[in-house]
Structure formats: C-alpha cells, structure tokens
1. Taking 0.36 nm per residue of sequence separation and subtracting the Cα-Cα distance, how much length would be gained by fully extending the chain between residue 39 and residue 21, in nm to one decimal?
2. Please give the contour-minus-distance gain from residue 79 to residue 65: 0.36 nm per residue of separation, less the Cα-Cα distance, rounded to one decimal in nm.
3. Using packing as a proxy for protection, rank 32-44, 7-19 so that the peptide with the highest average count of other Cβ atoms within 10 Å comes first.
Amino acid sequence: MSRRGRPRNAQPSVRITLSGWLHPEYDADILAWLNTIPKGQRMNALKTALRSGGLGQEKSIDSSQQDESQSAANDILSNWEF
C-alpha cells in the first residue's frame, strides 16, 4: 500500500520559532500586512518579504549623515577631559 499525502522531502526542514510583541500603534503597518495574508500563507509571505528586502531597515544612514553625527559627538565629548 502506498503512503498517502505529500512525499517526504529528501532533506529535512529546519524549524525556527519567532516570538515577539507588536504594538498596535507603532507596528500598525506590520499588523495590517499580517491581517491581509490568507490563512496558511504567512510563512510563504514572510519568506517572500525577507528575500525581497521588504522587512529591512526603513532608512539606512549614509556616510555623510554618519560623519555629521560623529563630528557632533566629538564636539560634545571635547568639552570634557577623560
């Protein structure tokens, strides 16, 4: 008698559990996105978003902003002797 269902995968999958809290106000965009995903499709949607960079940092700091921040910090710290 043959096995029912999907055939076994030759390479076993890796199970990763993520847990966290989302704030209804600050994370409203994420909550809205999760609510639009049909039942049983969240993992596929999450993998697609991660692969496309959809869940990356909103703004990356370019070198000019970083240099400006560093010089401001150096100006503040130059007022004290260590």
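Values in this text are rule-based calculations from the coordinates and carry no lab data. This one's a predicted model, so the numbers in the text were calculated from it and none came from an experiment. Glycine also receives a Cβ, built like all others from the backbone with ideal geometry; neighbour counts cover every protein chain displayed.
1. 4.5 nm
2. 2.8 nm
3. Top to bottom by mean Cβ count within 10 Å: 32-44, 7-19.
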